[in-house]
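Contents: one structure, followed by commentary.
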Amino acid sequence: MTFGEQPAYLRVASDLREKIVNGALPPHTRLPSQARIREEYGVSDTVALEARKVLMAEGLVEGRSGSGTYVRERPVPRMIARSGYRPDKGASPFRQEQTAEGARGTWESRSEQEGANPEIAERLGIEPGDRVMRTHYVFREAGEPIMLSTSWEPLAVTGRTPVMLPEEGPLGGCGVVDRMAAIDVVVDNVAEEVGARPGLAEELLALGGVPGHVVIVIGRTYYASGRAVETADVVVPADRYRVAYHLPVR
């Protein structure tokens, strides 16, 4: 096999990837062994091993203890639609996070107070160590975990009010916009930053992924007259979902 200038392990991985994509190596097929790769491509054991690591990191193959490495079944990505911060009045956190028409789901949450770390303090425009309410969410659709979210709200805004706990009290579960309005804080802007990174072990465990899988991370912050009143990180498995934005033209 003739190779170009690309490193050998990437060229081997590219050829195997193409075979997976075009169906020559269908799902649940065992990947050629390290010895077979070495012989077929004329490379060293190290190169063969690194090529297999690339495919595993990309989520195309998975190791099975005592059995070998197999091609993973590739899920058909589903859409998570986002359409801004003005959902129907009384919308639940699920409806705010996944605003696709007809979306129905459940969520679990846990809230606790903590001191803001430097990153969260910067996002909220407060001092490191200032008290915030942190809430973890796991969102499910038809029982399947589809999304994680962690939000932080400065207790200087919500402390000692009926909405201090996002999921408890008279407006528990109503979402940031309506909860803030109940304490005369008018949310008038929202900013979102979208990125991707390898999922953390605890995230992939909660979402049903495997080590090396990539997640989409949406960093969202709500503002009221320029003051940040809530910030959150929304985590979505990149191999199973796409995030689509539908924003009104002003």
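The values are calculated or read from the model by the stated rules, or taken from the named source; none is laboratory data. Keep in mind the model is a prediction, meaning the values are calculated, not measured. Don't worry about glycine lacking a Cβ; one is built from the backbone with ideal geometry, like all the others, and counts go over all protein chains shown. The area values use the complete protein model at the heavy-atom level, side chains included, leaving out ligands, DNA and RNA. Shrake-Rupley method; radii C 1.70, N 1.55, O 1.52, S 1.80 Å.
I need the full set of residues from the range 153-171 which are outside any helix (DSSP H, G or I) and open to solvent by 30 Å² or more (accessible area, probe 1.4 Å), in order please.
Filtering the range 153-171 for residues outside any helix (DSSP H, G or I) gives 153-154, 159-171.
Selection gives Arg160, Thr161, Pro162, Met164, Leu165, Glu167, Glu168, Gly169, Pro170, Leu171.
Answer with yes or no whether Gly212 is in a loop (DSSP other than H, G, I, E, B), closer than 28 Å to Gly63 by Cα, modelled with pLDDT under 90 and open to solvent by less than 40 Å² (accessible area, probe 1.4 Å). Even if it seems obvious, please write down each step before you answer.
On the way: in a loop (DSSP other than H, G, I, E, B): yes; closer than 28 Å to Gly63 by Cα: yes; modelled with pLDDT under 90: yes; open to solvent by less than 40 Å² (accessible area, probe 1.4 Å): yes.
For Gly212, the condition - in a loop (DSSP other than H, G, I, E, B), closer than 28 Å to Gly63 by Cα, modelled with pLDDT under 90 and open to solvent by less than 40 Å² (accessible area, probe 1.4 Å) - is met.
Which ones in the range 178-209 are among the hydrophobic types (A, V, I, L, M, F, W, C), within 20 Å of Val138 (Cα to Cα) and open to solvent by 30 Å² or more (accessible area, probe 1.4 Å)? Talk me through it step by step, then tell me what you get.
So the first thing to find is which residues in the range 178-209 are among the hydrophobic types (A, V, I, L, M, F, W, C), and the list is 180-183, 185-187, 190-191, 194, 196, 200-201, 204-207.
Filter again for within 20 Å of Val138 (Cα to Cα), leaving 194, 196, 200-201, 204-207.
Of everything in the range 178-209, those that are among the hydrophobic types (A, V, I, L, M, F, W, C), within 20 Å of Val138 (Cα to Cα) and open to solvent by 30 Å² or more (accessible area, probe 1.4 Å) turn out to be Val194, Ala196, Leu200, Ala201, Leu205, Ala206.
Do you know which residues across the range 116-137 are open to solvent by 30 Å² or more (accessible area, probe 1.4 Å) and part of a strand (DSSP E or B)? Talk me through it step by step, then tell me what you get.
Keep residues of the range 116-137 that are open to solvent by 30 Å² or more (accessible area, probe 1.4 Å), which gives 117-119, 122-123, 125-131, 134, 136.
If the condition is that a residue be open to solvent by 30 Å² or more (accessible area, probe 1.4 Å) and part of a strand (DSSP E or B), then Arg131, Arg134, His136 are the ones that fit.
Which residue, of Glu167, Glu192, is at pLDDT below 95 and closer than 14 Å to Glu108 by Cα? Show your work before the answer.
Working: Glu192 fails: closer than 14 Å to Glu108 by Cα.
Answer to the selection: Glu167.
Do we have Val235 as open to solvent by less than 40 Å² (accessible area, probe 1.4 Å), under 19 Å from Ser109 (Cα atoms) and in contact with a helix residue (DSSP H, G or I) (Cβ under 6 Å, 6 or more places away or on another chain) here? Walk me through it before giving the result.
On the way: open to solvent by less than 40 Å² (accessible area, probe 1.4 Å): yes; under 19 Å from Ser109 (Cα atoms): yes; in contact with a helix residue (DSSP H, G or I) (Cβ under 6 Å, 6 or more places away or on another chain): yes.
Considered against the rule, which asks whether it is open to solvent by less than 40 Å² (accessible area, probe 1.4 Å), under 19 Å from Ser109 (Cα atoms) and in contact with a helix residue (DSSP H, G or I) (Cβ under 6 Å, 6 or more places away or on another chain), Val235 comes out as yes.
Report the residue count in the range 64-81 for those that are within 19 Å of Leu16 (Cα to Cα) and aliphatic (A, V, I, L, M).
1
Given the criterion free of Cβ contacts under 8 Å to residues at least 60 places away in the same chain and out of contact with any strand residue (DSSP E or B) (no Cβ under 9 Å at 6 or more places or on another chain), identify the matching residue among Ala224, Ala156, Ala191, Ala201. Working first, answer last.
Details: Ala224 fails: out of contact with any strand residue (DSSP E or B) (no Cβ under 9 Å at 6 or more places or on another chain); Ala156 fails: out of contact with any strand residue (DSSP E or B) (no Cβ under 9 Å at 6 or more places or on another chain); Ala191 fails: out of contact with any strand residue (DSSP E or B) (no Cβ under 9 Å at 6 or more places or on another chain).
Ala201 is the lone residue from the list that is free of Cβ contacts under 8 Å to residues at least 60 places away in the same chain and out of contact with any strand residue (DSSP E or B) (no Cβ under 9 Å at 6 or more places or on another chain).
List, please: which pairs have Cβ atoms under 9 Å, are six or more places apart or on different chains, and start with a residue in the range 17-39 that is more than 13 Å from Leu60 (Cβ to Cβ) and open to solvent by 80 Å² or more (accessible area, probe 1.4 Å) and end with one that is assigned to a helix (DSSP H, G or I) and not charged (D, E, K, R)?
Pairs found: Arg36/Ala48; Arg38/Val47; Arg38/Ala48.
In the range 20-47, how many residues are assigned to a helix (DSSP H, G or I) and more than 21 Å from Val210 (Cβ to Cβ)? Spell out how you get there, then give the answer.
As a first pass, look at the range 20-47 and keep what is assigned to a helix (DSSP H, G or I): 20-21, 34-41, 45-47.
Imposing the further condition that a residue be more than 21 Å from Val210 (Cβ to Cβ) reduces the set to 35-41, 45-47.
Total meeting the criteria: 10.
Give Arg242, Arg220 a once-over and let me know the one that is open to solvent by 30 Å² or more (accessible area, probe 1.4 Å), assigned to a strand (DSSP E or B), within 21 Å of Met79 (Cβ to Cβ) and among the basic types (Lys, Arg). It would help to see each step written out before you state the result.
On the way: Arg220 fails: open to solvent by 30 Å² or more (accessible area, probe 1.4 Å).
Among Arg242, Arg220, only Arg242 is open to solvent by 30 Å² or more (accessible area, probe 1.4 Å), assigned to a strand (DSSP E or B), within 21 Å of Met79 (Cβ to Cβ) and among the basic types (Lys, Arg).
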